[in-house]
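**Q** Structure in structure tokens, see below.
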Amino acid sequence: MPSTPVIHRLRSKPDHLHLGLMLALTFSTGVADAVGYLGLDKVFTGNMTGNVVILGMAIAGADDLPVVGPLIALFTFMVGAAIGGRVLRRVKSGWTTESTVLFGAVGLVMAALAIVLFAVDGTPPAPFDLIVTGLLAAVMGLQAAVARHIAVKDVTTVVVTSTITGFAADSRFGGAKNQPWFRRLAAIVLILAGAGVGALLLMVHIGWGIALTAVITLTVTAIGHAAGRPHHAPVPQP
């Protein structure tokens, strides 16, 4: 737990705090997607655009592409996002007690999955690997919904396509000036770095990538709860 002076400094700049926390989760998304794609039969657990493209190619008859895994990931991701949306529907934007609870649930599910993967000494056999895929995608959907509610511009934690578009379109080459280049570039670089780290950890054991995402998520939860002034504040009804 950070010391009181550190918490005070973090509280004094909540926008910077939230940006840093969401960037950390963007890195962990890269790790989780590497685990899903390389370790769980070419399935993305955070980047649903990738799953839609894979499904389209598989349905068209492309060889060696999965159908069941991406379908499960899409469905459970939406379930997780829907749960997050329902819980946060009447809560003010920003970090709240609900944010802490939901992010904490994401971290704990990831930790439990890591323990299971270590216990079975690798990727579970079919169809249990699909259960792991579904649970990972569900908590990534939940994470995405909470990150959306915290509303850090250009940092969704799960996808960077729109961030890359903004980075290029608002560049000097694109005829614009004074774009928020740091957060956009950081999000792109961090999800890239996370994917690289996830791929490297897979060479050791599939459980290490999930364990790292759990540690990052729980650390973000602890810092956000300590410094984010969590509160329960329903949105006033008209």
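**Q** As a test of the formula, what do you get for the chain when each DSSP H run with n ≥ 4 contributes -39,500 (n - 2.57) and the sum is divided by the residue count, at 222 nm and rounded to the nearest 500 deg cm²/dmol?
**A** -23000 deg cm²/dmol
**Q** Next up: Under the rule of at least 5 residues apart or a separate chain, name every residue whose amide H is placed under 5 Å from the amide H of Lys153.
**A** none
**Q** Cα axis of helix 181-202 to longest principal axis of the chain: angle in degrees, 0 to 90, nearest 10?
**A** 40
**Q** A further question follows. Find how much the distance from Phe75 to Ala112 grows on full extension, using 0.36 nm per residue of separation minus their present alpha carbon separation; answer in nm with one decimal.
**A** The span from Phe75 to Ala112 would gain 11.2 nm if fully extended.
**Q** Given [x] 117; [y] 153; [z] 131, which label gives volume of the Cα convex hull per residue in Å³ as computed from the coordinates?
**A** [y]
**Q** Straight-line reach from Lys42: which aspartates and glutamates fall under 18 Å, measuring Cα to Cα and dropping same-chain residues less than 8 apart?
**A** Counting by Cα, and skipping residues close in sequence, Lys42 has these aspartates and glutamates nearby: Asp33, Asp63, Asp64, Asp129.
**Q** Continuing with the same structure: In nanometres, what is the gap between the two model label sites at Ile131 and Arg172, each 7 Å from Cα along Cα-to-Cβ?
**A** 5.6
**Q** For helix 48-59, what angle does its Cα long axis make with the longest principal axis of the chain, in degrees from 0 to 90 and rounded to 10?
**A** Helix 48-59 and the main axis of the chain meet at about 20 degrees.
**Q** If you don't mind, another one. Using a/c under 1.5 as the rounded threshold, could you call region 31-170 rounded, prolate or oblate? The axes a ≥ b ≥ c are square roots of the C-alpha gyration tensor eigenvalues, and prolate needs a/b larger than b/c, oblate otherwise.
**A** In terms of gyration-tensor shape, oblate.
**Q** Hey, what's region 141-190 come to in accessible area per residue, 1.4 Å probe, Å²?
**A** Working: 2790 Å² over 50 residues.
Here the residues of region 141-190 average 56 Å² of exposed surface.
**Q** Oh, and also: How far, in degrees from 0 to 90, does helix 14-34 lean away from the longest principal axis of the Cα atoms of the chain, to the nearest 10?
**A** So the helix axis and the longest Cα principal axis differ by about 0 degrees.
The values are calculated or read from the model by the stated rules, or taken from the named source; none is laboratory data. In this text the structure is predicted, and so the values were computed from the model without any measurement. Reconstructed Cβ throughout: ideal geometry from the backbone, glycine too, with neighbour counts over all protein chains shown. Heads up: the accessible areas ignore ligands, DNA and RNA and are worked out on the full protein's heavy atoms, side chains in. Shrake-Rupley method; radii C 1.70, N 1.55, O 1.52, S 1.80 Å.
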